[in-house]
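Trainee: I'd like to ask you about the structure that follows.
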Amino acid sequence: MSHIIQTDISSKRICFFGAGSMAEAIARGLIHEKLVEPTMISMLNRSNETRLNELHERYGVQTIVQGSSNEAYLREADIIFLAMKPKDAVEAIAGLAPLLHSKQLIISVIAGLSITSMERLLSDQQPIVRSMPNTSSTIGLGATGISYSDAVDADQRLVTEAIFKSIGLNAIVDESLQTSITGVSGSGPAYVYFIMESMLKAADELGLEPDMARELVVQTVLGAAQMVKLTGEAPEELRRKVTSPNGTTQAAIELMAQGGLPEAIIKGMHRSATRAAEIGADMERSIL
């Protein structure tokens, strides 16, 4: 990352409207990568003072507990993250509108909420970023889809991408693909956990001790992912290389395929994307 981008971010006041796990992950990434001093970050929520105290003590970020008000933090911010729960989003964003000025960058991490919907609630002159991080962002290995409104300028794009690089990798996509991002990487970690659950159950049935089974399964999944990443080879090619004719792996794969595993995964990912669109449509209807 260039010194210019680092300097640009370091001078920005960043406010997280919502103080859940995703907001914490992004704040942690910014602080860990030394892009922003903790005192330049404020975090707010509706009423959970215990949570705000915890975040201040852990990271040194600012909250209402330190004496300022939520309204002041929002007015003074250069970048505002919309990180509230989807059910609270429309009302909260509508209440935010009177506090904003046109130079503030708005970055949403709310699943399903479109840029058009946010522009209706705020202004079509407001620079708005729609993003879809995933939970692996909490350990700096996230995957985030990013889309921009027309009002976001080149410098704001650089800052946005630098922020999300602090918690993993990102992909710039047309907003029409954001539901696809949700289906692939947004919900993706849960698919892997779901498969790991089955692997652990099978390991237990095969007589392995739970601790040993967990270590073996975790290392197997980690190693397989790293093989794809480091070799650059396609998963099907790597699978072919370890699947000997009439061997143990072929026997397992054939039975899994007969059971419909590939089709179930594909259908599930499509359903995740469709559900993201449904959630977005529900929020849009509440705006009209």
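The values are calculated or read from the model by the stated rules, or taken from the named source; none is laboratory data. Keep in mind it's a predicted model, so treat the numbers as computed, not measured. So basically every Cβ, Gly included, is an ideal-geometry build from the backbone, and we count neighbours across all protein chains shown.
Trainee: Filter region 126-142 down to the residues that are among the small types (Gly, Ala, Ser), assigned to a helix (DSSP H, G or I) and in contact (Cβ under 8 Å) with a residue 60 or more places away in the chain and list them by number.
Mentor: Of everything in region 126-142, just one residue is among the small types (Gly, Ala, Ser), assigned to a helix (DSSP H, G or I) and in contact (Cβ under 8 Å) with a residue 60 or more places away in the chain, namely Ser137.
Trainee: Consider region 52-70. How many of its residues are at pLDDT below 95 and in a loop (DSSP other than H, G, I, E, B)?
Mentor: Total satisfying the criteria: 4.
Trainee: Next up: So, in region 97-114, exactly how many residues are part of a helix (DSSP H, G or I) and crowded, with 22+ Cβ neighbours inside 10 Å?
Mentor: Looking only at that region, the number is 0.
Trainee: Next question, about the same structure. Under 8 Å between Cβ atoms, at least 6 apart or on separate chains: pull out the pairs that start in region 15-32 with a residue that is over 16 Å from Ser166 (Cβ atoms) and of a type in the set (Ser, Thr, Tyr) and end on any residue that is at pLDDT 95 or above and not in a helix (DSSP H, G or I).
Mentor: Pairs that qualify, where the first residue is over 16 Å from Ser166 (Cβ atoms) and of a type in the set (Ser, Thr, Tyr) and the partner is at pLDDT 95 or above and not in a helix (DSSP H, G or I): there are none.
Trainee: List the number of the failed condition for Met283; all other conditions in (1) at pLDDT 95 or above; (2) surrounded by 13 or more Cβ atoms within 10 Å (Cβ to Cβ); (3) not small (Gly, Ala, Ser) hold.
Mentor: Unmet condition: (1).
Trainee: Being part of a loop (DSSP other than H, G, I, E, B) and free of Cβ contacts under 8 Å to residues at least 40 places away in the same chain is the requirement here; does Ser123 meet it?
Mentor: When the stated conditions are applied, Ser123 passes them.
Trainee: Restricting to region 145-170, name every residue that is under 24 Å from His101 (Cα atoms) and either of a type in the set (S, T, N, Q) or not in a helix (DSSP H, G or I) (or both).
Mentor: Across region 145-170, the qualifying residues are Ile146, Ser147, Tyr148, Ser149, Asp150, Ala151, Val152, Asp153, Gln156, Thr160.
Trainee: Any residue at all in region 260-269 that's of a type in the set (Asp, Glu) and over 29 Å from the mean Cα position of the chain (by Cα)?
Mentor: The answer is no; no qualifying residue exists.
Trainee: Test of understanding: among Ile146, Ile181, which residue is of a type in the set (A, V, I, L, M, F, W, C), out of contact with any helix residue (DSSP H, G or I) (no Cβ under 7 Å at 6 or more places or on another chain) and either surrounded by 14 or more Cβ atoms within 10 Å (Cβ to Cβ) or modelled with pLDDT under 95 (or both)?
Mentor: Selected residue: Ile181, the only one of Ile146, Ile181 that is of a type in the set (A, V, I, L, M, F, W, C), out of contact with any helix residue (DSSP H, G or I) (no Cβ under 7 Å at 6 or more places or on another chain) and either surrounded by 14 or more Cβ atoms within 10 Å (Cβ to Cβ) or modelled with pLDDT under 95 (or both).
Trainee: Please report, ordered by residue number, the helices (runs of 4 or more DSSP H) entirely within region 171-238 with at least 2 residues that are under 17 Å from the mean Cα position of the chain (by Cα).
Mentor: Hits in region 171-238: 178-181, 188-205.
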